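Asks: Sending over a structure as structure tokens; questions will come in a sec.
The values are calculated or read from the model by the stated rules, or taken from the named source; none is laboratory data. For clarity, every value in this text was computed on a predicted model and none was experimentally measured. Every residue, glycine among them, receives a Cβ derived from its backbone with ideal geometry; neighbour counts consider all protein chains shown. Note: areas computed on protein heavy atoms with side chains; ligands, DNA, RNA excluded. Shrake-Rupley method; radii C 1.70, N 1.55, O 1.52, S 1.80 Å.
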Amino acid sequence: MSNRNKMVSTVENQYTMRKMRKEDIDEVYQIECQSFSAPWTKESLYYELEQNLFAKYIVVEHEKQVIGYCGLWVIMDDAQITNIAVHPNFRGKRIGEALLRFAMQLSREMKAQRLSLEVRVSNHIAQSLYKKVGFEPGGIRKNYYTDNQEDALVMWVNLI
Ligand SMILES: CC(C)(COP(=O)(O)OP(=O)(O)OC[C@H]1O[C@@H](n2cnc3c(N)ncnc32)[C@H](O)[C@@H]1OP(=O)(O)O)[C@@H](O)C(=O)NCCC(=O)NCCS
């Protein structure tokens with residue numbers, strides 16, 4: 001990721017998109033807890049930032065508050081979204097879309113040819129976002145989510 005921060009403008013506000021730092025973990029964890037029934041732990045977020053050489057994490061900031069984030073793994077020519085979420089108070093402002101488009105651009109810059117993700121079959125809002133930016137359904141992973149045995153829909157987009 002380039003060191004330059006990216007400005008994101010919506011009708012109402014301007015947001016800054018930048019690389020996630022260790023100091024952001026508490027705020028990202030709060031958004032995880034508000035967004036997912038089985039949130040990642042602070043330790044797993046720390047591991048991603050400090051140990052996982054394949055991981056890239058981006059946050060969106062507004063008035064010094066982290067309001068969204070997206071994680072990526074890029075391994076050779078395959079990239080994968082690990083998680084994406086926007087603070088509930090800031091949803092519906094195209095911030096999720098901006099994060100995803102930024103993740104796609106970053107994956108391209110890192111020479112990935114495909115970007116994929118798993119999404120709960122019941123999560124129609126996220127599926128709608130992914131379709132909007134070009135993702136297509138690829139298949140089903142049965143009983144993928146351990147909290148309720150829900151199936152995952154695999155979606156992917158060609159980056160070339
Ligand atoms: C999914 C999520 C990241 C979307 O972020 P967001 O900033 O609210 O979404 P955006 O404003 O960028 O919306 C972009 C597109 O997503 C879809 N979308 C967003 N909110 C929607 C809603 N309430 N109903 C239907 N579609 C919706 C639409 O296609 C929208 O495009 P449009 O504005 O042209 O209609 C956010 O809802 C979230 O954090 N959800 C909880 C965590 C989660 O489910 N993450 C995905 C895990 S796989």
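Asks: Kindly check whether there is at least one residue in the stretch 151-160 that is in a loop (DSSP other than H, G, I, E, B) and of a type in the set (Asp, Glu).
Replies: Looking only at the stretch 151-160, we keep the residues that are in a loop (DSSP other than H, G, I, E, B), and these are 151, 159-160.
Okay, now just the ones that are also of a type in the set (Asp, Glu), so 151.
For the stretch 151-160, residues in a loop (DSSP other than H, G, I, E, B) and of a type in the set (Asp, Glu): present.
Asks: Sticking with this structure for a sec: How do the pairs read when you match residues in the stretch 131-143 that are on the phi > 0 side of the Ramachandran plot with residues anywhere that are open to solvent by 60 Å² or more (accessible area, probe 1.4 Å), using Cβ under 6 Å and keeping only pairs 6 or more apart or on different chains?
Replies: Once the first residue is on the phi > 0 side of the Ramachandran plot and sits in the stretch 131-143, its partners that are open to solvent by 60 Å² or more (accessible area, probe 1.4 Å) give ASN143/GLN149.
Asks: Which condition does SER37 not pass, out of (1) modelled with pLDDT of 95 or more; (2) under 22 Å from TYR130 (Cα atoms); (3) open to solvent by 70 Å² or more (accessible area, probe 1.4 Å); (4) within 13 Å of the ligand (Cβ to nearest atom), if it passes all the others?
Replies: (1)
Per-residue answers, yes or no, for (1) crowded, with 21+ Cβ neighbours inside 10 Å; (2) touching a strand residue (DSSP E or B) at 6+ places or on another chain (Cβ under 9 Å); (3) farther than 15 Å from MET20 by Cα:
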{"site": "CYS70", "(1), (2), (3)": "yes, yes, no"}
{"site": "ILE84", "(1), (2), (3)": "yes, yes, no"}
{"site": "PRO88", "(1), (2), (3)": "no, no, yes"}
{"site": "GLN105", "(1), (2), (3)": "no, no, yes"}
{"site": "LEU115", "(1), (2), (3)": "yes, yes, yes"}
{"site": "GLY139", "(1), (2), (3)": "no, yes, yes"}
{"site": "VAL157", "(1), (2), (3)": "no, yes, yes"}
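Asks: Return the only residue of SER128, SER122 being more than 20 Å from VAL28 (Cβ to Cβ), within 13 Å of the ligand (Cβ to nearest atom) and in contact (Cβ under 8 Å) with a residue 12 or more places away in the chain. Can you show your working first?
Replies: On the way: SER128 fails: in contact (Cβ under 8 Å) with a residue 12 or more places away in the chain.
When all the criteria are applied, what remains is SER122.
Asks: Just a yes or no: is a residue in the stretch 75-91 in contact with a Ser or Thr (Cβ under 7 Å, 6 or more places away or on another chain), aliphatic (A, V, I, L, M) and within 16 Å of the ligand (Cβ to nearest atom)?
Replies: yes
Asks: Which condition number in (1) within 7 Å of the ligand (Cβ to nearest atom); (2) surrounded by 19 or more Cβ atoms within 10 Å (Cβ to Cβ); (3) touching a residue at least 40 places away in the same chain (Cβ under 8 Å) is the one that ARG94 fails?
Replies: Only one criterion is unmet by ARG94, namely (2).
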